[in-house]
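A.B. asks: Here's a structure for you.
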Ligand code: FPP
């Protein structure tokens, strides 16, 4: 058993899976091959997260800005997600994995929407890892949809303006009921959040690793969990060590 499996795992890890295209480019291969390898990394990391005792794993699979990519690549990414669900749903269900989808469901093609709903429905009562797939997701879009629903409730007298608290907003986001991510990892050396979980990331530890997503293996993931375990999270307070020392 590795050290990562021994140390206390973060409850929620969220990952920006970046670098499929560059991984392929570096090998003179089409970008589509990079995305295919990316799905293999998804399979490996879902198992690794469950083995490490992570309760929630969120993967950024398609952002609301990814529509700007060439149509062929968008279709390819949709096709890969559909294939992943068709091929892996039964096994994930056997492994007691619960699937949640976050992102805007309006404007999704009927077949992908029904597959996503089927994945959520089939695994609804599972109790091992919760795999949260962010699909057609953008944090500003998520917040705008939540604010609009809250404003409609205020307009129609179901809520007062003074009822709008941070907890109420939490409950209106796509991530309602999911704890905030303790750790957000982005692969490929880029160091930004790119409209991912902006509200929920308020106190997340951020980690940027150089590996392209297809090279993000179980070992690299466990090394990231070990680095996380050595960080001192203070949530705006002071560290336990400083309290103990009275400094
Ligand atoms: C970033 O690489 C990756 C994506 C935009 C999509 C990630 C999707 C998958 C791994 C496949 C489907 C997902 C699941 C959950 C089965 P990039 O294309 O931005 O790489 P680049 O920055 O090097 O061009």
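Each reported figure results from applying straightforward, stated rules to the coordinates on display, with no laboratory input. What you see is a predicted model; the values in this text were computed from it and never measured. Because the Cβ atoms are built from the backbone with ideal geometry, glycine has one as well, and the counts that use them run over all protein chains shown.
A.B. asks: Sorting 27, 145 on the 10 Å Cβ count, fewest up front, what's the list? Don't skip to the answer; put the middle values down first.
C.D. replies: Numbers: 27 12, 145 15.
Listed from fewest to most nearby Cβ atoms, that is 27, 145.
A.B. asks: Further question: Quote the FRET efficiency, to the nearest 0.05, computed for residue 235 versus residue 109 with a Förster distance R0 of 35 Å and r equal to the Cβ-Cβ distance.
C.D. replies: Between residue 235 and residue 109 the formula returns 0.30.
A.B. asks: Round to the nearest 0.05 the FRET efficiency obtained for residue 90 and residue 33 when R0 = 35 Å and r is the Cβ-Cβ distance.
C.D. replies: Efficiency, from the Cβ-Cβ distance: 0.85.
A.B. asks: Using only the alpha-carbon atoms of the range 1-90 as identical scatterers, what base-10 log of I(q)/I(0) does the Debye formula give at q = 0.23, 0.25, 0.26 Å⁻¹?
C.D. replies: -1.20, -1.30, -1.35
A.B. asks: Average projected area of the Cα convex hull of the range 144-213, in nm²?
C.D. replies: Working: hull surface 21.8 nm².
Orientation-averaged projected area of the Cα hull: 5.5 nm².
A.B. asks: On to the next question. Mind sorting 211, 120 by how few other Cβ atoms lie within 10 Å of their own Cβ, fewest first?
C.D. replies: 120, 211
A.B. asks: Neighbouring Cβ atoms within 10 Å as the yardstick, rank 56, 203 fewest first. Mind showing how you got there, number by number?
C.D. replies: Details: 56 22, 203 12.
Listing 56, 203 from fewest to most nearby Cβ atoms yields 203, 56.
A.B. asks: In whole Å, what are the extents of the chain along the principal axes defined by its C-alpha atoms, from largest to smallest?
C.D. replies: Result, largest extent first: 55, 53, 35 Å.
A.B. asks: So for the chain, averaging the separation of alpha carbon pairs under 8 Å that are six or more residues apart and normalising by length, what relative contact order in percent results?
C.D. replies: Relative contact order of the chain: 29 percent.
A.B. asks: Please report the antiparallel percentage of the DSSP beta bridges confined to the range 6-140, to the nearest 5. Write out the running numbers ahead of the final one.
C.D. replies: Working: 0 of 17 bridges.
Percentage antiparallel, nearest 5: 0.
A.B. asks: How far is the Cα center of the range 141-211 from the Cα center of the range 7-80, in Å?
C.D. replies: 21
A.B. asks: Under the rule of -39500 (n - 2.57) per DSSP H run of 4 or more residues, summed and divided by the residues of the chain, what mean residue ellipticity at 222 nm is obtained, to the nearest 500 deg cm²/dmol?
C.D. replies: Numbers: 9 runs with 111 residues, N = 247.
Taking each H run of at least 4 residues, the total per residue is -14000 deg cm²/dmol.
A.B. asks: What full-extension length gain, to one decimal in nm, is calculated for residue 176 and residue 194 as 0.36 nm per residue of separation minus the Cα-Cα distance? If you can, show how the numbers build up before the last one.
C.D. replies: Numbers: separation 18, 0.36 × 18 = 6.48 nm, distance 2.08 nm.
Taking 0.36 nm per residue and subtracting the Cα distance, the gain is 4.4 nm.
A.B. asks: Compute the distance in nm between two label points, each set 7 Å from the Cα along the Cα-to-Cβ direction, one at residue 67 and one at residue 43.
C.D. replies: Between residue 67 and residue 43, the simple spin-label model gives 3.2 nm.
A.B. asks: Let me ask another. Measuring from label point to label point, each 7 Å out along Cα→Cβ, what is the residue 25 to residue 117 span in nm?
C.D. replies: 3.9
A.B. asks: Same structure, new question: Quick one: if you stick a label point 7 Å off each Cα along the C-beta vector at residue 156 and residue 8, how many nm between them?
C.D. replies: According to this spin-label approximation, the distance is 4.3 nm.
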